[in-house]
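K.L.:
Pasting a structure below so you can have a look.
The values are calculated or read from the model by the stated rules, or taken from the named source; none is laboratory data. Every value quoted in this text rests on a predicted model; they were computed, and no experiment measured them. Cβ: placed from backbone, ideal geometry, glycine included. Neighbour counts: every protein chain shown.
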């Protein structure tokens, strides 16, 4: 049997396809922003270290590491599908946590900054940071210890961002959907 979608009436609000288009655009813009930001930060760090480099090479390294972001997006999609539509009560439910904050008890008493920063540390962020470090070490023929220096930089910047933003906002940084709704 072939499933058919009925056209939405004028009073029912935005259609599901518009949400899909917004989600795909958000993913593409987010990936492009990640690649650009990572490339520029790496370029600046390497230039300050006195290492001759090109932005093009670092953007390629960031693009390869960006594939982990796509895998992370698929993991989030799997979690949302397994939870089901009935578990979504607000836009915050569309951002399931896959980070270290899952290890904290609900009444742990940690501040919003620390819990938001721990939410940003996941297997995917460690994998991405390692790939960026490995790419820089390989393309620039640096010592192996540079893998960990670059990985620490790639983990440290988002960690600090989450702590600063969450402590000023009193919670996790707002998602794109929450900003659009406001």
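K.L.:
Answer with yes or no whether residue 159 is under 20 Å from residue 65 (Cα atoms), modelled with pLDDT under 80 and outside any loop (DSSP other than H, G, I, E, B). Write out each step before concluding.
P.N.:
Numbers: under 20 Å from residue 65 (Cα atoms): yes; modelled with pLDDT under 80: yes; outside any loop (DSSP other than H, G, I, E, B): yes.
Answer is yes for this residue.
K.L.:
Regarding residue 27, is this residue part of a loop (DSSP other than H, G, I, E, B), surrounded by 12 or more Cβ atoms within 10 Å (Cβ to Cβ) and at pLDDT below 85? It would help to see each step written out before you state the result.
P.N.:
Numbers: part of a loop (DSSP other than H, G, I, E, B): no; surrounded by 12 or more Cβ atoms within 10 Å (Cβ to Cβ): yes; at pLDDT below 85: yes.
So residue 27 fails the test.
Residue-by-condition table, conditions (1) within 25 Å of residue 43 (Cα to Cα); (2) surrounded by 11 or more Cβ atoms within 10 Å (Cβ to Cβ); (3) touching a helix residue (DSSP H, G or I) at 6+ places or on another chain (Cβ under 8 Å):
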position	(1), (2), (3)
61	yes, yes, yes
65	yes, yes, yes
69	yes, yes, yes
74	no, no, no
84	no, no, no
93	no, yes, yes
100	no, yes, yes
105	no, no, no
115	no, yes, yes
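K.L.:
Condition first: in a helix (DSSP H, G or I), more than 15 Å from residue 38 (Cβ to Cβ), under 13 Å from the mean Cα position of the chain (by Cα) and modelled with pLDDT under 90. Can you find one or more residues in the range 106-115 that meet it?
P.N.:
Just the residues of the range 106-115 that are in a helix (DSSP H, G or I), to begin with: 112-115.
Filter once more, keeping what is more than 15 Å from residue 38 (Cβ to Cβ): 112-115.
Narrowing further to those that are under 13 Å from the mean Cα position of the chain (by Cα): none.
No: the range 106-115 contains no residue that is in a helix (DSSP H, G or I), more than 15 Å from residue 38 (Cβ to Cβ), under 13 Å from the mean Cα position of the chain (by Cα) and modelled with pLDDT under 90.
K.L.:
OK, next. Please state which one of 89, 67, 53 is assigned to a loop (DSSP other than H, G, I, E, B) and free of Cβ contacts under 8 Å to residues at least 24 places away in the same chain. It would help to see each step written out before you state the result.
P.N.:
On the way: 67 fails: assigned to a loop (DSSP other than H, G, I, E, B); 53 fails: free of Cβ contacts under 8 Å to residues at least 24 places away in the same chain.
The unique qualifying residue is 89.
K.L.:
Going through the range 132-150 one residue at a time, which ones are assigned to a helix (DSSP H, G or I) and either touching a strand residue (DSSP E or B) at 6+ places or on another chain (Cβ under 8 Å) or surrounded by fewer than 21 Cβ atoms within 10 Å (Cβ to Cβ) (or both)? Show your work before the answer.
P.N.:
Let us first name the residues in the range 132-150 that are assigned to a helix (DSSP H, G or I), namely 132-139, 145-150.
Within the range 132-150, 134, 137, 138, 139, 145, 146, 147, 148, 149 qualify.
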